[in-house]
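Please treat every number below as a calculation from the coordinates, not as lab data. As the structure is a computational prediction, the values presented were derived from the model and not from experiment. Reconstructed Cβ throughout: ideal geometry from the backbone, glycine too, with neighbour counts over all protein chains shown.
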Amino acid sequence: MKIAITSPPWISVPPQGYGGIERVVCNIVEGFKKKGHEVTLYATGDSKVSSRLEYLYPHALGNHLNLKLNPYLLLNHMYHFYKNAKNRFDIVHDNMGEIALYFAALTNIPMVMTVHGTLNDNADDLFKDYGILRSIRKLLLQFKNHPYVSISDKQRAGLPQLNFVKTIYNSLVISEFDFDSTGGEDMIWIGRINYTKGVDIGIKVAEILKKKLTIASYIDTGDLPYYEKEIKPHFTKGYLSHFEEIKDIKAKSRFLGNARLFLFPIRWDEPFGIVMIESMAVGTPLVSFALGSAPEVIKDGETGYLVNFSDNDIRGNWVIKNTGLKGLCEAVEKIYSLPQDQYMKMRKNCRTHVEKNFTVEIMVDKYEEVYYQVLSKKTI
């Protein structure tokens, strides 16, 4: 097949640090190239992949909220691709975002879109995005018969009317993450510091239990008010340590591996959350609220513990019966109190779970099935 795979202009492929979509795109590109397909990546000029690379912007524009709110930057990026795409590809796999549907509707090239973001209409309050998510939902419904790939089954629940042809979980290159059979002593957290990720909740857990929490983070300028008010004041209390963003993948592997557990106190329905599988790949179990894809990714009692967000939001009958902050604390204490042999078994379970479900090879095989079936116009 002649395949075009598109990526947003904010971050290069692969990302040099934060960048979940871009990491997945890189894995897809390299996976299809390895299978012998003719692959073209459309991204930014500083991307480094083994396939053909095309671009408008020579350098990544930057992963900043003020840039992303300027629609013309993204529209220029998309227009440059689609005006040159006609009759060149068998299929386009879009990862640029829902606005690309307008362009795809004007071409004769089959296009499948991976939906990377949330589809829940109640997430507007979390993102404070002036109705952007509501507009995205309306756009998707306008093109509801288009073929979409979801990155978790839970993601679909936000807009079940769409023509989701398959759920394909995000993946990682397993060889990039070294298994650590023993781990360390501290709790850890990695990600973008913002309200939806619940870092402030994790800090409360650390202070209640008097255990150390080490975070390695990316801070967007749009999230600085949250960081200054909810995070920064806690550094003086002795339980919170902060590393700068970890950009090297092997350094990230070591950081994740040298931990007792990964605390994942999200307060939104995160569509996937690659850091969960990264943590499990090195053997570090998770304690997470049972929101979003977490119940699909974490095996409760085997690779960590799930906790219902509140008494009014029960997502399952988990090992931990308490909910909310109290439930998180109970789960953390349970992992710390595990006998060494049971804890080492949990770490091994984590690695095995990733090897069986979240590798690049599995993901690429499933996308290949989707491409062929979309091209043959079969109902999936």
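Starting from the Cα of Leu338, step 7 Å along the direction of its Cβ; do the same at Leu106; then give the gap between the two resulting points in nm.
5.4 nm
Please work out the Cα center distance from segment 290-342 to segment 215-275, rounded to the nearest Å.
Between the Cα centre of segment 290-342 and that of segment 215-275, the gap is 20 Å.
With viscosity set to 0.890 mPa s and temperature to 25 °C, compute the Stokes-Einstein D of segment 190-251, Rh being the Kirkwood radius across alpha carbon pairs; µm²/s, no decimals. Intermediate values should be presented prior to the final figure.
Numbers: Rh = 12.0 Å.
Roughly 204 µm²/s, to the nearest whole number.
For the chain, modelled as a GNM with alpha-carbon contacts under 10 angstrom, which of Ile28, Ile314, Ile174 fluctuates the most?
Looking only at Ile28, Ile314, Ile174, the largest GNM fluctuation is found for Ile314.
Starting with the fewest neighbours, write out Lys212, Lys144, Lys252 ranked by other beta-carbon atoms found within 10 Å of each beta-carbon.
Values: Lys212 16, Lys144 12, Lys252 20.
By the 10 Å Cβ count, ascending, the order reads Lys144, Lys212, Lys252.
How many nm separate the modelled label positions at Lys2 and Ile314, each set 7 Å beyond the Cα in the direction of the Cβ?
If labels sit at Lys2 and Ile314, their model points lie 5.7 nm apart.
Starting from the Cα of Arg52, step 7 Å along the direction of its Cβ; do the same at Asn70; then give the gap between the two resulting points in nm.
For Arg52 paired with Asn70, the spin-label model returns 3.0 nm.
Rounded to the nearest 0.05, what FRET efficiency is calculated for Asp90 and Leu141 with R0 set to 35 Å and r the Cβ-Cβ distance?
Numbers: r = 28 Å, r/R0 = 0.79.
Efficiency, rounded to the nearest 0.05: 0.80.
If you take the square roots of the eigenvalues of the alpha-carbon gyration tensor of the chain and sort them as a ≥ b ≥ c, do you get rounded (a/c under 1.5), prolate (a/b over b/c) or oblate?
Values: a/c = 1.72, a/b = 1.60, b/c = 1.08.
Note, shape of the chain comes out prolate.
Taking the beta-carbon count within 10 Å as an exposure proxy, list Val25, Val282 from fewest neighbours to most. Present the calculation step by step, with values, prior to reporting the outcome.
Working: Val25 29, Val282 25.
Neighbour counts put them in this order, fewest first: Val282, Val25.
As a test, work out the antiparallel percent of DSSP beta bridges whose residues both lie in segment 174-357, rounded to the nearest 5. Please list the in-between numbers first.
Details: 1 of 21 bridges.
Taking every DSSP beta bridge within segment 174-357, about 5 percent pair in antiparallel fashion.
Taking only Cα atoms and a 10 Å spring cutoff, compute GNM fluctuations for the chain and point out the largest among Leu69, Leu261, Leu41.
Checking each option, the largest mean-square fluctuation is seen for Leu69.
If you take every residue apart from Glu98 with its C-beta less than 11 Å away from the C-beta of Glu98, what net charge results, scoring Lys and Arg +1 and Asp and Glu -1? Numbers along the way, then the final one.
Values: positive: Arg137, Lys138; negative: Asp94.
With Lys, Arg at +1 and Asp, Glu at -1, the neighbours total +1.
Give the order of Leu328, Leu162, Leu67 when sorted by the count of other beta carbons within 10 angstrom, beginning with the fewest. Don't skip to the answer; put the middle values down first.
On the way: Leu328 28, Leu162 21, Leu67 14.
Final ranking by Cβ density, sparse to dense: Leu67, Leu162, Leu328.
Once R0 is set to 22 Å, what does the formula 1/(1 + (r/R0)^6) return for the Cβ-Cβ distance between Glu244 and Ser175, expressed as a FRET efficiency to the nearest 0.05? Before the final figure, lay out each step's value.
Values: r = 25 Å, r/R0 = 1.16.
Once rounded, the FRET efficiency stands at 0.30.
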